[in-house]
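Below: one structure, written as structure tokens.
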Amino acid sequence: MICLRAAFPLTSSSSSPLRLALKPSSSRAAAAALRVAAMSSAVAAPVEHIVLIKVRPEAAASGAAAAMVSSLQALSTVVPGLSYIHVGPVLRLRSPAAEALGPTHILHSRYATKPDLAAYAAHPAHVAAVQGHVLPNALDTTAVDWVNAARAPSPVTPGSAVRLTLAKVKEGVEVPQFVEKVAAATAAAGEAKGAKVSFGENFSPARAKGYQFGMVAVFDSVEELDAVEGDGKVEEAKAAVRPLLDEVLVLDFVVGPAAAEAPAPANL
């Protein structure tokens, strides 16, 4: 997690043909390529970590925001236990709560275990990225973590379109009860037009601004995400859980390339 203090690692045995074929200069790029491949075989019950970042307007104009994205995305090559990370701009704010919060960028990462997430938070490379790039350029951050309670994984690959939903439940509603209701509703809806979901109860309330639940719905493309609007089964699923909710934040983002594939900003 991004914090003021500061698994599913991809490894291969020493006898691996791929490893033997690597030149030292190409090992980092190859490792990043393997991480991209691993995105499509997601951890069965991943720990999800979401950080919403509202950057200063001058940071976006100067290129500092792009440097922040690059520094955080590069953690994929140096932090053990980090099975997936995407950092990039928000595509669309889809609810009044999202518009009020105003995040401009999102970090989405996954881990096999909670200790892996804790190790990422304390890793010196993460601490340096936060202190050098996030804190000087962010007006606000919001963070939510959950363990996936969905029945199936929700793999992400470059180009995937993702809809994030954060929710606060009404007074008197127990969050585990709400998670069970979401599980039943999503099962009834099925895989609406190709969506794969991950959802669960937030276990890191300190910087969550009261959000108790998180969910990501992963689509192959923005077109597929847009096509789900108005789908009958999806609307039925929404109607089943809406009476339990007090506030909902919804936004969309598109997963970018891995660190080795992304062009470095000019000022790095």
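Among the residues of segment 199-240, the ones that are crowded, with 21+ Cβ neighbours inside 10 Å and among the aliphatic types (A, V, I, L, M) come to 6 in all.
Scanning segment 169-197 for residues that are outside any helix (DSSP H, G or I), surrounded by 20 or more Cβ atoms within 10 Å (Cβ to Cβ) and at pLDDT 95 or above yields a single hit, VAL169.
Among the conditions (1) of a type in the set (A, V, I, L, M); (2) surrounded by 19 or more Cβ atoms within 10 Å (Cβ to Cβ); (3) not in a helix (DSSP H, G or I), the only one that LEU139 does not satisfy is (2). Taking the criterion of being assigned to a helix (DSSP H, G or I) and polar (S, T, N, Q), the residues of segment 55-88 that qualify are SER62, SER70, SER71, GLN73, SER76, THR77. Taken over segment 107-136, the residue count meeting the criterion of being surrounded by fewer than 19 Cβ atoms within 10 Å (Cβ to Cβ) and touching a Leu at 6+ places or on another chain (Cβ under 8 Å) is 3.
Please go through segment 225-241 and pick out each residue that is outside any loop (DSSP other than H, G, I, E, B), among the small types (Gly, Ala, Ser) and more than 20 Å from ALA152 (Cα to Cα). Those that are outside any loop (DSSP other than H, G, I, E, B), among the small types (Gly, Ala, Ser) and more than 20 Å from ALA152 (Cα to Cα): ALA227, GLY232, ALA239, ALA240. Any chance segment 209-224 includes a residue that's assigned to a helix (DSSP H, G or I), at pLDDT 95 or above and more than 18 Å from ARG92 (Cα to Cα)? The answer is no; no qualifying residue exists. The set of residues from segment 142-151 being open to solvent by 10 Å² or more (accessible area, probe 1.4 Å) and charged (D, E, K, R) comprises just one member, ARG151. Checked against (1) modelled with pLDDT of 95 or more; (2) closer than 22 Å to ASN148 by Cβ; (3) open to solvent by 50 Å² or more (accessible area, probe 1.4 Å), PRO96 passes all but condition (2).
The rows are residues; the columns are (1) modelled with pLDDT under 95; (2) closer than 28 Å to VAL175 by Cβ; (3) basic (Lys, Arg).
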| residue | (1), (2), (3) |
| --- | --- |
| HIS108 | no, yes, no |
| TYR111 | no, yes, no |
| GLN131 | no, no, no |
| LEU135 | no, no, no |
| ALA138 | no, yes, no |
| THR141 | no, yes, no |
| VAL144 | no, yes, no |
| ALA149 | yes, yes, no |
| PRO153 | yes, yes, no |
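The values are calculated or read from the model by the stated rules, or taken from the named source; none is laboratory data. As the structure is a computational prediction, the values presented were derived from the model and not from experiment. Every residue, glycine as well, gets a Cβ built from its backbone with ideal geometry; the counts of neighbours run over all protein chains shown. Just the protein is used for accessible areas: all its heavy atoms, side chains included, with ligands, DNA and RNA removed. Shrake-Rupley method; radii C 1.70, N 1.55, O 1.52, S 1.80 Å.
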